Amino acid sequence: MHLSKREFLAATAALTLAASLRSANAATAINYWHHFASQSEMAGLAKIIQLFAAANPDIAVTQESIPNSEYMAKVSSAVVAGGRPDTGMVIAERFADLTAMGALVDISERVSKWSGKANLPEGRWAGMSHDGAIYAVPAYAFVDWMYYRKDYFEEAGLSGPPKTFEEFLTACRKLTDPAKNRYAFGMRGGAGAFKYVIDVMEAFGSPLVKDGQAAIDKPAAIEAITFYADLFRKEKVAPPSAPNDSYRQIMEGFRTGQTAMIWHHTGSLIEISAALKPGVQFATAPMPAGPKAHIARVAYAGNGIFKDDNVEAAWKWISFWGETDAAIALLEATGYFPASTAALKDERITSNPIYNAATETLEFGRLPNSFVGAAGWSENVVNPTFQSVLTGQLTPEQAVDRMIEGLEAALR
């Protein structure tokens, strides 16, 4: 599913008008806070609201998009000062902070009576539960994987994607040709870099937190940071812009042929498929395994109830996302993988080889780290610290010392 800008704007306008008409006639009106922002995400959300309205004509859903960087601040303000939404998006990385501030309503009893629960294995609920209580319904997952230029691999004589960090480095050396402005790896050194820094640390055997205490293994972490940073500093297999590259830059680099591999997740599939031909120019593969662990995140995102008003309508809305038609509608618009096992059996997934890497990753993938203060430490300590290693302002050892100090402070 790919909408032109004109089609998207027309659909959004029609959706807004329909929502206002339903709101006037419906018995119950509820609102939904989320941080969807892209054209494809909004198209997927519009389709889900449309499907929900057809099944629940007595409920009107009004959506509000909040920038991802402002979402937690707005929720926190609403909890303290009033003005909570009826429902809102809940991602695993922020779940601990949301429950700590008392933002979510316990839905355990409703979930236990819900027929859709059977399609969501126990692991799906881990990032949405606390102290035995469930606070959100898993809706979809961001499954980490690697995109690689299949045509570049064939040209370089590489038989397939790398399965280990060692094979990854070998492939990087073969695929890089600065004279052609071609680099093997679109490294994310700017905003969002922390995710892959943490993953590489764990792949080299360093945990982050154990029993509520900072548990970074300094030698393992230094080895990890050295390996990862050296892809840019020593091996020069990443573009010169890498220290400042965030999502948009790594995507453009891959789409335009500057880079041969990028690490991301299923959520960017639609964008890449619009520029390159799946199975011909590019393919997907599981993330390569590190020397101590095979790390790839399966980050479930869901929806929760933020206040008791209109709770029946709110429950119908958040549980509707678990329906197969809703899950497939979002997948087709965005590439976001369904959380429901019923949806994963749909032929639209099983018959498409581009999804095989995600299905394989579901077997070993880990939930993102979730502890109070995790988001702040990741964004404000790990990210700038690693960036300083790339630019030569810090050594890997100094960087790890700062990460440990920052983690200890975040956990106090």
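The values are calculated or read from the model by the stated rules, or taken from the named source; none is laboratory data. Everything numeric here is computed off the predicted structure, so don't read it as measured data. Glycine gets a Cβ as well: all are built from the backbone with ideal geometry, and neighbour counts include every protein chain shown. Accessible surface areas use protein heavy atoms only, side chains included; no ligands, DNA or RNA. Shrake-Rupley method; radii C 1.70, N 1.55, O 1.52, S 1.80 Å.
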Please go through the stretch 75-89 and pick out each residue that is more than 20 Å from the chain's Cα centre (by Cα) and part of a helix (DSSP H, G or I).
Ser76, Ser77, Ala78, Val79, Val80, Ala81
Within the stretch 203-222, the residues that are open to solvent by 40 Å² or more (accessible area, probe 1.4 Å) and without any contact (Cβ under 8 Å) to a residue 24 or more places away in the chain are Pro207, Lys210, Asp211, Asp217, Pro219
Scan the stretch 259-278 and report the pairs whose first residue is touching a residue at least 12 places away in the same chain (Cβ under 8 Å) and whose second residue is assigned to a strand (DSSP E or B) and among the β-branched types (Val, Ile, Thr), with Cβ atoms within less than 6 Å and a gap of 6+ or a chain change.
His265/Val143; Thr266/Val143
Can you name the residue in the stretch 345-374 that is of a type in the set (A, V, I, L, M, F, W, C) and buried (at least 20 other Cβ atoms within 10 Å of the Cβ) and is also farthest from Glu323 (Cα to Cα) among such residues?
Ala374
Per the filter on the stretch 90-119, residues part of a loop (DSSP other than H, G, I, E, B) and either without any contact (Cβ under 8 Å) to a residue 60 or more places away in the chain or over 21 Å from Ala342 (Cα atoms) (or both) are Met101, Gly102, Ala103, Leu104, Val105, Asp106, Ile107, Lys113
Give the stretch 49-77 a look and list any residue that's open to solvent by less than 10 Å² (accessible area, probe 1.4 Å), farther than 20 Å from His130 by Cβ and not β-branched (Val, Ile, Thr), or say none.
Phe52, Ala60
Being crowded, with 21+ Cβ neighbours inside 10 Å and among the small types (Gly, Ala, Ser), is that true of even one residue in the stretch 107-116?
no
Residue that is most open to solvent (accessible area, probe 1.4 Å), among those in the stretch 150-184 that are hydrophobic (A, V, I, L, M, F, W, C) and farther than 19 Å from Leu276 by Cβ:
Ala179
Under 8 Å between Cβ atoms, at least 6 apart or on separate chains: pull out the pairs that start in the stretch 390-401 with a residue that is under 21 Å from Ile216 (Cα atoms) and small (Gly, Ala, Ser) and end on any residue that is open to solvent by less than 20 Å² (accessible area, probe 1.4 Å) and part of a helix (DSSP H, G or I).
Ala399/Ile225; Ala399/Thr385; Ala399/Phe386; Ala399/Val389
Just give me the residues in the stretch 120-149 being among the aromatic types (Phe, Trp, Tyr) and either outside any helix (DSSP H, G or I) or open to solvent by 70 Å² or more (accessible area, probe 1.4 Å) (or both), in sequence order.
Tyr135, Tyr140, Phe142, Trp145, Tyr147, Tyr148
